[in-house]
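Worksheet for the structure shown next.
The values are calculated or read from the model by the stated rules, or taken from the named source; none is laboratory data. All figures in this text were calculated on a predicted structure; none of them were measured in a lab. Here the Cβ positions follow ideal geometry from the backbone for every residue, glycine too, while neighbour counts run over all protein chains shown.
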């Protein structure tokens, strides 16, 4: 999967992904389907004989997306050559594999885009040219897979060059089909424009949906132990504190929250009253957040409820 979708929570600034890519320019980040700004891309390099320069990474925002924001991270490869083969240069499996992988991943991105486009606008993409295009993409991907197997075995180089020539013919046919589809889609832009108001109304309705905790599947957690959330959810916690209530606090993504001092309440999410011995509260947690509930004396309990 070359696309990840997250919900913001107003606190989380880091969003992780694990698909392979070739450069930072391959990563497209959007908030509410609009190209985002104010973020950095941090890459995980491939190791050893890895055929991909990067095997994942994460996005860090200077300002955390709001709880109503939908964050998408997607790979978009450019239709470019990354390696220029010279007649006198040696042909190594690593070099050819990277070139083949780049084209293979590019075709997968094109196929995913076309399939998503076809599902969204099925009323006018269910045409012979669209179906033929998808079939040619699948055939080209099968051809690349065959070539990659030959490279791994380092078979006869003449066979590899013949396969590459056939692949070039498939790409030429693919380009012709893309041009045909572009003309077909261009004729429907007015119809698409008529639907933008309806889509906007749907987005407004979706923004009002609230996610509720799944109280039937709560997970008991240990006090004074750090966890990393694998899914968004709600922490429900309570503790028997010392007399002034200053012994209980939370640490979320390295920041201390809900800590009390003399003559001050415990903070948002607590019930009871200022500095009573027993406090209870809840704390929303996003996927990837680290959290830890500390302090307290006597009875203390921590439960994580995933969102439905």
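Here is how the numbers come out for the structure above:
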read-out: Test result for residue 52, within 14 Å of the chain's Cα centre (by Cα), more than 20 Å from residue 255 (Cβ to Cβ) and not in a strand (DSSP E or B); value: no
read-out: Test for residue 14: is it surrounded by fewer than 13 Cβ atoms within 10 Å (Cβ to Cβ), modelled with pLDDT of 90 or more, out of contact with any helix residue (DSSP H, G or I) (no Cβ under 8 Å at 6 or more places or on another chain) and within 30 Å of residue 212 (Cα to Cα); value: no
read-out: Checklist (1) within 25 Å of residue 231 (Cα to Cα); (2) exposed (fewer than 13 other Cβ atoms within 10 Å of the Cβ); (3) in contact with a strand residue (DSSP E or B) (Cβ under 6 Å, 6 or more places away or on another chain) applied to residue 3, failing item; value: (2)
read-out: Lone qualifier among 298, 288 - being in a loop (DSSP other than H, G, I, E, B), crowded, with 16+ Cβ neighbours inside 10 Å and at pLDDT 60 or above; value: 288
read-out: Test: residue in the range 270-279 that is within 24 Å of residue 10 (Cα to Cα), modelled with pLDDT under 85 and in contact with a strand residue (DSSP E or B) (Cβ under 6 Å, 6 or more places away or on another chain); value: yes
read-out: Residue in the range 23-39 that is in contact with a helix residue (DSSP H, G or I) (Cβ under 8 Å, 6 or more places away or on another chain), surrounded by 15 or more Cβ atoms within 10 Å (Cβ to Cβ) and more than 18 Å from residue 286 (Cβ to Cβ) present; value: no
read-out: Members of the range 43-57 that are loosely packed, with under 14 Cβ neighbours inside 10 Å, modelled with pLDDT under 85 and out of contact with any helix residue (DSSP H, G or I) (no Cβ under 7 Å at 6 or more places or on another chain); value: 47, 48
read-out: Members of the range 69-84 found to be surrounded by fewer than 17 Cβ atoms within 10 Å (Cβ to Cβ) and at pLDDT below 95, listed by number; value: 76, 78, 79, 80, 81, 82, 83, 84
